[in-house]
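Notes follow once the structure below has been shown.
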């Protein structure tokens, strides 16, 4: 067997034992290539920093406390937005999904306001609330809300009519059916909605922080742009990617595994 | 346990595609005395599932009445337990939680309703699967859960809508034998819908043949119990009855 | 559904929106809302007519749509062949999936600062942002689509004598098409939002710029008109262009979406 194949089979066996490796190792050649291109000086260093530059700037910003503080701001904004988006979105979705009248009255406006993307609201929000937290919170809640509502409606309507009937003939009342049948039946869709909503909401947050922010990862990146510091921009992008990876791997995926996948409602 | 009486039941749909009214059930009357097992058999489209849905209270009749004991049916309720063709188990509840669902809705406390659920699970031969989720079970096992869940709620009447139509042939025979055993132990009032003639004959005290929404004929099944397939397939009485019903269904 | 049925359904859909349109001027008058906070419907209509008459609406719309079109077409042209290549071997696709996912998470807005540094303010930077938003998501979905084509189908094609190119044209591309279309739809969703953000930050023409500059003069009627145009354009792109294509590929072939 040639060495390349041997290395590959070793890698295959290692990733089977430690699945985390499969998520990390592919980045090694990318970073190496990046390093080589930077070191070769194809682009000016100010435009195209090398990996050590980024690590140094990371250490520097952590030491000064700027990065932890900005990261905390961004995550807190996202968490508040997600919580508020769900608190409004899930009940609204249940209402629109269960009641014909509510569906007829609310579905068209929901589709219409969803189409006016979050960021297009920024100018008028700035007039209403000024540069600050209220504007950013509105944008995130708005962004998270629609995917949650629309997917909750889908989820409610995907619950088979037999399950409603089974619950009724076992003596369940309407409120109990809501809690025991409709909500768990819609849960996989609700989580999909939350996933989409967070995906959009998080981008909206970055944009809002760039445009109106005084702190946060988006502000860090845009501030770095003003100062012409490509290193910090790249650092910001990496932090954003990692942050999403953590939210996905540590929050969303475990919920999905414990609910829809366990119940056989979603296939992986 | 109570009797079930269906009096002059009719159901007319408006078929949007055909643009016309369709009489799915026409003036059907039927008595299921307390503790009796009655099968309704007929080709697809003969209205048998419509009858069951009306008895269960899922759809409203166009005319006629349905009595459980001396109470008129007006909507679904726990006095009529339903076993569905699609099982209709709650995927997000374990087997135990599914079976305990009816008692939970009645307000039975957790230890007591789990005791009830375990009792009915053991009746259905499922004690080992209590903590599993429905999607981890085979079709046959899922329908055992469906039967246990309906029985655990102690309904006056048990309604079964082609419950074994979506399991494989081997399992179906086992489930049929188990159902006769459970019925003999508990003497429930059962209305059983099927298009499978041998199944209808094997299970019931009486078979009702349905055709185009009307009752064509009722056939008494005086076969001795307990009934087992390996004995009955040899039995001339069984063959004669099954043949008689089959002729009626084919003439329908 | 016949013609009357369709018209009836359309009317039912539009009725709640019509109610909102009627309520709007009534509420504005009832609460005596300052036009610098929220405009009356007539002011919005006037602003719209004016921007049509002086041609500025079409200039902004044209700039925005040109950026989206160029960025998206380029991204699809590069991403699809690359995705197919990467998806052919299971080992390679498993290896590259984390990379593509990482970059598709960054899609769009996160590239604005570096894009403006690399390309300066204007067409290049914004098109680059759109390219990025579409490229990684489409490449990832193509890879996913190719790698989920059952091996049996590929074997069947090979045993029927399909060469490398026929396999690509007859099996891999059509098999991955539903995923590709879904990817384009998702990617464009991100790209459209990225476009508005980028135009707010980095240009002097385009719909995003139009509404942001109106803010400086508290011209809420221009902002609201712009928002409606942005929403309507997206609905047109999504419902009339993307959704029908997606439905056609997925439903006609009886394929279920896997992403």
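Numbers below:
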item: Hey, residue C:46 over 30 Å from residue C:187 (Cα atoms), touching a residue at least 60 places away in the same chain (Cβ under 8 Å) and more than 14 Å from chain A (Cβ to nearest Cβ) or not; result: yes
item: Subset of region C:145-177 [part of a loop (DSSP other than H, G, I, E, B), out of contact with any helix residue (DSSP H, G or I) (no Cβ under 8 Å at 6 or more places or on another chain) and over 18 Å from residue C:249 (Cα atoms)]; result: C:160, C:161, C:163
item: Strands (runs of 3 or more DSSP E) completely within region B:1-116 that count 2 or more residues being free of Cβ contacts under 8 Å to residues at least 12 places away in the same chain; result: B:4-15, B:20-32
item: Residue check, residue B:214 within 26 Å of residue B:45 (Cβ to Cβ), assigned by TED's automatic domain parsing to the domain that holds residue B:48 and touching a strand residue (DSSP E or B) at 6+ places or on another chain (Cβ under 8 Å); result: yes
item: Selection status of residue C:188, closer than 18 Å to residue C:71 by Cβ and either surrounded by fewer than 24 Cβ atoms within 10 Å (Cβ to Cβ) or in the same structural domain as residue C:130 (by TED's automatic domain parsing) (or both); result: yes
item: Qualifying position, being more than 10 Å from chain C (Cβ to nearest Cβ) and either out of contact with any helix residue (DSSP H, G or I) (no Cβ under 6 Å at 6 or more places or on another chain) or part of a helix (DSSP H, G or I) (or both), among A:23, A:38; result: A:38
item: Filter result for residue A:132 (over 23 Å from residue C:237 (Cα atoms) and in contact (Cβ under 8 Å) with a residue 24 or more places away in the chain); result: yes
item: Hits in region B:12-59 - residues which are at pLDDT 90 or above and more than 20 Å from the chain's Cα centre (by Cα); result: B:12, B:26, B:27
item: So residue A:84, is it exposed (fewer than 14 other Cβ atoms within 10 Å of the Cβ) and closer than 27 Å to residue C:224 by Cα; result: no
item: Test result for residue C:112, within 13 Å of chain A (Cβ to nearest Cβ), within 21 Å of residue C:175 (Cβ to Cβ) and in contact with a helix residue (DSSP H, G or I) (Cβ under 9 Å, 6 or more places away or on another chain); result: no
item: From A:186, A:172, residue being modelled with pLDDT of 90 or more, more than 18 Å from residue A:77 (Cβ to Cβ) and not in a helix (DSSP H, G or I); result: A:172
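Okay, residues lined up against (1) surrounded by 21 or more Cβ atoms within 10 Å (Cβ to Cβ); (2) closer than 29 Å to residue C:120 by Cβ:
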site: C:197; (1), (2): yes, yes
site: C:212; (1), (2): yes, yes
site: C:217; (1), (2): no, yes
site: C:232; (1), (2): no, no
site: C:242; (1), (2): no, no
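The values are calculated or read from the model by the stated rules, or taken from the named source; none is laboratory data. Everything numeric in this text was worked out from a predicted model, so none of it was measured. Positions of Cβ are generated from backbone atoms using ideal geometry, with glycine treated the same way; all protein chains shown enter the neighbour counts.
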